[in-house]
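For reference, the structure discussed in these notes is given below.
What follows draws every value from the coordinates through simple rules; no lab data is involved. A quick note: this is a predicted structure, and the numbers were derived from the prediction, not measured.
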Amino acid sequence: MIVGLLIGLIVVAALGAAVVLLPRFLRGELSALRDQTANDLSARNAEVELRLQGVETMLNTRLTESTATTSKIHERLGEVTKATETMIARAQDLARLEQALRPPKARGGFGELLLENLLRDRLPPDAYSMQHTFATGDRVDAVIRVDRLVPVDSKFPLDNFELMVAAEDDAQRQLHEKAFARDVKGHIDAIASKYILPAEGTYDFALMYLPAEAIYYELVSGKTGALLSYAHEKRVFPVSATTFTAYLQVIVMGLKGLQIEKTAHEVMAYCASLQSDFGRFREDFELVGKHIANAQSKYVSADKRLDRFESKLERAADLEVETASPEPPALPHALDSAA
């Protein structure tokens, strides 16, 4: 009983001490935990703040770059818009030009204008002429003057070519191909018969200028070049703006060669004239030399005669002195007797 009572009292005393000390212990632990948590939160807050500042800086940089990129995009869009407007304007101009070139006469005038521009840009003014008229009354668009005349006629067979290109099936395409070939052959025959006139100073060939490159390439390569072979048989050579420029470069070189040859002939003629003048001068010089030689011979002869004449004069003077000198006195008679 007493032991149990003592144990109970000890337990009660321990519980009372625990009740008194436990709140103090808990308050200390809570304070320490609160301080540690506050420190951890401050460190985390500082770290988060630094990260937020880095993120903010990066966002500002990206925003600036995005703003600059957006400005460039707006500028490019403005340029693209202007270019689009320009292309639309050009397309409208081309549409108006296409509409204006619908009549064959207008196409012909346009082709002649392009031909004249090419000749003016590549050749000297005296190397070509426009609208050359032959004795037959036929008038070719241009002639190029080399050694003889090179006729150049502009043709623009556009109608059937456009129909051939826009054909929706093979049957229509073949139909318009035949019409296009018929048009081109008609132009070739007209050029060959009207403008290849060697009797009037032309070469035995002519050039057919095609302003549209597409038409030219269709002529030289369509149907394995049958139209081109026909043109060559007729001595008519098709050219486009690009190939005609190459022809003109060759012609310019030929004109320079002819000019050099002409200058060489002039130089040779001048040298021949100089040689003739030199021959006449040589004859005159030789004649003067002969006169000088004769004069020298006469001079030498006269000098010799003068020397002889001078010798004669000296001898004559000596004779006169001797004649004029007194005779020596005669010897006395005594001396004569003694002798």
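Points to keep in mind about this one:
- Using C-alpha pairs under 8 Å with a sequence gap of at least 6, the mean separation divided by the residue count of the stretch 94-260 gives a relative contact order of 21 percent.
- Value of Rg/Rh across the stretch 200-252 [Cα atoms, Kirkwood radius]: 1.00
- Gain upon complete extension [residue 69, residue 183; 0.36 nm per residue less C-alpha separation]: 35.3 nm
- Each DSSP beta bridge with both residues in the stretch 94-260 is either parallel or antiparallel, and the antiparallel ones are about 55%.
- Taken over the stretch 22-71, the ratio of Cα radius of gyration to 2.2 N^0.38 Å equals 2.16.
- Potential lengthening between residue 88 and residue 272 on full extension [0.36 nm per residue; Cα-Cα distance subtracted]: 59.4 nm
- Taking 0.36 nm per residue of separation and subtracting the Cα-Cα distance, full extension of the segment from residue 226 to residue 148 would add 25.1 nm.
- Debye intensity ratio in log₁₀ form over the Cα atoms of the stretch 94-260, taken at each q of 0.09, 0.20 Å⁻¹: -0.32, -1.39
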